[in-house]
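Asker: First the structure, which I've put down as structure tokens, then a few questions once you've had a look.
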Amino acid sequence: MDHPLIADEFDLLTRLLPEPGTRVIELGCGAAALARRLLALHPGMRYLGLEVDRVQLARNLQDVPGRMRFIDAGAQAIPEKAAQFDLALMLKSLHHVPVPLMDQALAEVARVLRPGGHLYVSEPVYAGAFNEVIRIYNDEGVVRAAAQAALDRALAQPGSPWRQVAEERFATPARFADFADFERRMMHPSFADHHIDEDVRARTRAAFAPHCGADGASFERPMHVRLLRRG
């Protein structure tokens, strides 16, 4: 797989959208790390982050800069009026929307975006050595394919409000000091429902081991970005 290596996806986002507008919504915002940088770059910007993980949402609410809001909501039911936002971000989050609700989620995003607004979707690709390790305890092949299919349907539907204006395939570097570092960062408690027992942990360690040397383990994680414009 031969894709350009991009160490910081923020560089790609700002290249594709040098003028993102003043109102941004993020669906499945996590810690909103990229959004915080975006607001620092654009002093007039305001931001709304939606997160369904109650633990992460509580962390976000402990430190809320004046131009940011965080709420408990999912992409399939956005509690905002129509045509409120210039940019919607879905950073590794579309595949976490329940598959039967993906079409509804994209329709909701179209509803809350202003005409001319953009949807930036970044999704991990189901391929590569890094994926082969992670899929042992968290196999996302079905949901990642479903996310791309939902985008395709949204673009192809009669009278679609969407037009794809850019598409980028690249890889991001991921480095771990050892398996303990990988386990701490990638097999955290939010994966409890993936049944990470001792057998799964041992198989994951065995898959990780060939990539780990004296300087740790380095991977390249393939990514796929699609930028849609709302008509």
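The values are calculated or read from the model by the stated rules, or taken from the named source; none is laboratory data. Computed from a predicted model, the values in this text were never measured in an experiment. With ligands, DNA and RNA removed, areas are computed over all heavy atoms of the protein, side chains included. Shrake-Rupley method; radii C 1.70, N 1.55, O 1.52, S 1.80 Å.
Asker: Mind telling me which of LEU94, LEU57, LEU27 comes out most flexible in a GNM of the chain, alpha-carbon contacts under 10 Å?
Answerer: Looking only at LEU94, LEU57, LEU27, the biggest GNM fluctuation is shown by LEU57.
Asker: Nearest 5 percent is fine: what portion of the DSSP beta bridges confined to region 85-231 is antiparallel?
Answerer: Of the beta bridges lying entirely in region 85-231, close to 80 percent run antiparallel.
Asker: Starting from the Kirkwood radius over alpha-carbon pairs of the chain, derive D by Stokes-Einstein at 4 °C in a medium of 1.567 mPa s and give it in µm² s⁻¹.
Answerer: Once the numbers are plugged in, D ends up at 69 µm²/s.
Asker: Also: How many percent of the accessible area of the chain is carbon or sulfur, using a 1.4 Å probe?
Answerer: Summing carbon and sulfur atoms, their accessible area is 53 percent of the total for the chain.
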